[in-house]
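Student: Here it is, the structure, as structure tokens.
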Amino acid sequence: MLSTPRLLQGSGHGGDDKEDDYGDMVHMKDMDQKTVLQNVKRRFNRGSIYTSVGDVLISLNPFKELGLYTEERLKEYHHSRSHEEEEGLPPHIFAISRDAYRRICDFEHKPQTILVSGESGAGKTEASKLLIRYLAFMSSS
């Protein structure tokens, strides 16, 4: 997980329109440094702080509270399937935590690692707290 400045909830599905954005950049036709940065910036400007590339989550630190971490949001991701686009849910740190928890508990029983990386002040500690908060929620339900 990478951290830095902030984003909104775009369509998440992407498309041919230059104003569309991709919640999961795996679906981008052309992917290079320029298009990745443009997509993340476009999503940030629309208020989406999370963008994924498959199982990798890019997180931009908004440096303010956005109301993305409510108990209702915890429950939304708890009850969703693994693919947010199928559920209409945008990429989120709770989805990363949920998927890791399910891979441990479900049929796979595989050990999981979540890497939180970023520069000083990027929000790594807050991201780690959110991951742990979700795991605690899942463990108690």
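The values are calculated or read from the model by the stated rules, or taken from the named source; none is laboratory data. Treat the numbers as computed from the prediction; the structure is a model and nothing was measured. Cβ atoms come from the backbone with ideal geometry, glycine included; neighbour counts cover every protein chain shown. The protein model used for the area step is the full one, side chains on, heavy atoms only, and it has no ligands, DNA or RNA in it. Shrake-Rupley method; radii C 1.70, N 1.55, O 1.52, S 1.80 Å.
Student: Consider only pairs whose beta carbons are under 7 Å apart and that are at least six residues apart or on different chains; among these, list those whose first residue lies in the stretch 99-120 and is touching a residue at least 60 places away in the same chain (Cβ under 8 Å) and whose second residue is surrounded by fewer than 15 Cβ atoms within 10 Å (Cβ to Cβ).
Tutor: Final answer for the pair search is VAL116/SER128.
Student: From SER128, SER97, which residue is part of a helix (DSSP H, G or I) and touching a helix residue (DSSP H, G or I) at 6+ places or on another chain (Cβ under 6 Å)?
Tutor: Being part of a helix (DSSP H, G or I) and touching a helix residue (DSSP H, G or I) at 6+ places or on another chain (Cβ under 6 Å) holds for just one of SER128, SER97, which is SER97.
Student: State yes or no: is PRO111 of a type outside the set (A, V, I, L, M, F, W, C), in contact with a Gly (Cβ under 8 Å, 6 or more places away or on another chain) and more than 13 Å from LEU135 (Cβ to Cβ)?
Tutor: no
Student: Separate question: Contact list please: Cβ distance under 6 Å, first residue in the stretch 57-75 and surrounded by fewer than 17 Cβ atoms within 10 Å (Cβ to Cβ), second residue at pLDDT 90 or above and part of a loop (DSSP other than H, G, I, E, B), pairs at least six apart or on different chains.
Tutor: PRO62/ILE49
Student: Is there a residue being under 14 Å from the mean Cα position of the chain (by Cα), buried (at least 19 other Cβ atoms within 10 Å of the Cβ), at pLDDT 90 or above and closer than 20 Å to VAL116 by Cα anywhere in the stretch 10-24?
Tutor: yes
Student: With respect to LEU130, determine if the residue is touching a Ser or Thr at 6+ places or on another chain (Cβ under 8 Å) and hydrophobic (A, V, I, L, M, F, W, C).
Tutor: Against the criterion (touching a Ser or Thr at 6+ places or on another chain (Cβ under 8 Å) and hydrophobic (A, V, I, L, M, F, W, C)), LEU130 qualifies.
Student: Based on this model, can you work out whether ARG98 counts as open to solvent by less than 90 Å² (accessible area, probe 1.4 Å), closer than 18 Å to LEU131 by Cβ, among the basic types (Lys, Arg) and at pLDDT below 95? Before you say what the answer is, go through the steps one by one.
Tutor: Working: open to solvent by less than 90 Å² (accessible area, probe 1.4 Å): yes; closer than 18 Å to LEU131 by Cβ: yes; among the basic types (Lys, Arg): yes; at pLDDT below 95: yes.
So ARG98 passes the test.
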